[in-house]
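Asks: Can you keep this structure in mind? I'll have questions shortly.
Read the figures in this text as sums done on the coordinates, not as results from a lab. Here the structure is a predicted model, which is why all the values come from computation and not from measurement. Cβ placement follows ideal geometry from the backbone for every residue including glycine, while neighbour counts extend to all protein chains displayed.
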Amino acid sequence: MFLIGLLSCTLNVLLIIFVISNEYYSRKLGVPAAPTLPWVRKELITLLKKHKKEGEHIHLAELGCGWGGLMLKINQNIPNIQITGFEKAPMPYIFSWIRCLFYKNIECLYADFFKEDLTKYDILVCYLTSQLMKDLYDKHLKDSSSDFLIFSLSFQIEGLIPAEAIKVSGPVPIFIYVYKIGAIQESSNLPQDTSLSH
Ligand SMILES: C[S@@+](CC[C@H](N)C(=O)[O-])C[C@H]1O[C@@H](n2cnc3c(N)ncnc32)[C@H](O)[C@@H]1O
């Protein structure tokens, strides 16, 4: 009886720490650790396959890899890939790190992606917010001389015309925006409809 009481008390304390920690880091980082929806993941995989040349080896970085599910899904479906995930919220990071432990080509880093050199990756995958995408581009990618692709789930980079904007149909329809950094066009008024495909 005492053991059951102790176990239940420990579980409750762990649950409270889990909830408080997630809430704290959602506010601190400006985005909750919400995973991507399954139909969005599926469309992202299709797009990645389209952009990757056959036999080409690519290094993809996921900025804010949350619980690690998207990295594993990409790894299952895209051959010849090296994946680096950055995560700064402790609970999702621990979870993600454990899930990726047995994959030699996936690394999950407890790191702030704003402090990393992101220009060495071929592809950046982001599911963040409009503000974080703007900060990322303005402070870290704007003056980059290397060519790479950004796949932004749901959020546009203000002032930039995406090379593609794919509407993902589903119970909650969203867009995936593809940006080509290096060969990029800037615009203060992004046309909302002209470059959208379905
Ligand atoms: C909406 S979740 C995306 C989860 C995952 N990418 C997916 O699609 O399933 C955004 C994640 O970014 C993380 N994050 C936000 N800012 C960050 C930063 N500067 N460095 C590392 N991770 C960050 C958050 O902790 C959160 O887990």
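Asks: For an R0 of 45 angstrom, estimate the FRET efficiency from the Cβ-Cβ distance between residue 112 and residue 3 and round to the nearest 0.05.
Replies: Step by step, r from the Cβ atoms, then E = 0.65.
Asks: List, in the order given, every pair from 42/167; 120/142; 42/134; 134/180; 28/73; 53/73 whose Cα-Cα distance in the structure shown is over 21 Å.
Replies: 42/134; 28/73
Asks: In region 138-175, whose amide N lies under 19 Å from the spot 7 Å out along Cα-to-Cβ of residue 78? List them in ranges.
Replies: Only 146-157, 162-168, 175 pass the distance filter.
Asks: Then there's this: Set the Förster radius R0 to 41 Å, insert the Cβ-Cβ distance between residue 129 and residue 56 as r into 1/(1 + (r/R0)^6), and round the FRET efficiency to 0.05.
Replies: Between residue 129 and residue 56 the formula returns 0.85.
Asks: Find out how many positive minus negative residues lie around residue 31, taking Lys and Arg as positive, Asp and Glu as negative, among other residues whose Cβ is under 14 Å from that of residue 31.
Replies: My count for the surroundings of residue 31 gives -1.
Asks: Continuing with this model, one more query. Taking Cα pairs under 8 Å and at least six residues apart, what relative contact order does the chain come out at, in percent?
Replies: 16 percent
Asks: Let me ask you something else. When DSSP assigns beta bridges and you keep just the ones with both residues in the chain, what percent turn out antiparallel, to the nearest 5?
Replies: That works out to approximately 35 percent antiparallel.
Asks: Sticking with this structure for a sec: Would you mind checking the radius of gyration and Dmax of region 34-197 based on alpha-carbon positions, in Å?
Replies: Expressed in Å, the Cα Rg and Dmax of region 34-197 come to 15.1, 46.
Asks: To continue, here is another question. Given a Förster distance of 25 Å, report the FRET efficiency between residue 120 and residue 49 from their Cβ-Cβ distance, rounded to the nearest 0.05.
Replies: Between residue 120 and residue 49 the formula returns 0.65.
Asks: What length, rounded to one decimal in nm, is gained on full extension from residue 94 through to residue 34, with 0.36 nm per residue of separation minus their alpha-carbon distance?
Replies: Net length gain for the segment: 20.1 nm.
Asks: Could you give the dipole magnitude of region 34-197 about its Cα centre, charging the beta-carbon of Lys and Arg +1 and that of Asp and Glu -1, in debye to the nearest 20?
Replies: 520 debye
Asks: If the chain between residue 24 and residue 144 were fully stretched, how many nm would it gain, using 0.36 nm times the residue separation less the Cα-Cα distance?
Replies: In short, 39.9 nm is gained.
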